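The values are calculated or read from the model by the stated rules, or taken from the named source; none is laboratory data. The structure displayed is predicted, hence computed values, not measured ones. Glycine also receives a Cβ, built like all others from the backbone with ideal geometry; neighbour counts cover every protein chain displayed. Ligands, DNA and RNA are excluded from the accessible area calculation, which covers all protein heavy atoms including side chains. Shrake-Rupley method; radii C 1.70, N 1.55, O 1.52, S 1.80 Å.
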Amino acid sequence: QAQLVESGGGLVQAGGSLRLSCTASGRTFSRYVMGWFRQVPGKEREFVAATTWTSITNYADSIKGRFTISRDNAKNTVFLQMNSLKPEDTAVYYCAADTSTWAVLGGTADYWGQGTQVTVSS
């Protein structure tokens, strides 16, 4: 059974940094598009960033220049380095994976993690 597990969330002050990790198991995800989404209670899940297996990246405008997505295919892991965090970045962050770039960008990926909470205090 393929599974994505996120880690690295927590509480940080505004201006601080966090690094999220998402490790895949159950199959090889090296050729998959991997992405990050976030969701605040009462709002729709929002695209954050994605990377193809060749490390072509795509970012939401709201986080460009502050967040960086990367991957280690040998370890089946994707990372989200988050710098200059703002209170509005507070959300549950989810990892997603699919063979289709459009599925990841559109939020309809086949595989999702359970999420990790990121809280940014002002």
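Observations on the model:
- Per-pair calculated FRET efficiency, R0 = 25 Å: K64 and T108 via Cβ, rounded to 0.05: 0.60
- Label zone of A14 (point 7 Å out along Cα→Cβ, amide N under 15 Å): in the stretch 99-122 this covers 119-122.
- Percent carbon-and-sulfur accessible area, the chain, ignoring ligands, DNA and RNA, probe 1.4 Å: 47
- Dipole of the chain, positive direction: furthest Cα of V48, Y32, W112, with charges on the beta-carbon: Y32
- Relative contact order %, the stretch 27-122, counting alpha carbon pairs below 8 Å whose residues are six or more apart: 30
- The stretch between K43 and N83 holds 12.1 nm of extra length on full extension. This uses 0.36 nm per residue minus the Cα-Cα distance.
- For the stretch 1-73 and the stretch 96-122, distance of Cα centres in Å: 6
- Positive minus negative residues near I56 (Lys, Arg vs Asp, Glu; Cβ under 14 Å): +2
- Annotation: aspartates and glutamates with alpha-carbon distance below 13 angstrom to K64 (same-chain offsets under eight excluded): D89.
- Shape of the stretch 44-122 from the C-alpha gyration tensor: prolate (a/c of 1.5 or more and a/b above b/c, with a ≥ b ≥ c the square roots of its eigenvalues).
- Surface analysis of the chain yields an accessible area of 52 Å² per residue, using protein heavy atoms and a 1.4 Å probe.
- When +1 charges are put on Lys and Arg Cβ atoms and -1 charges on Asp and Glu Cβ atoms, the dipole computed for the stretch 44-122 relative to its Cα centre reaches about 240 debye.
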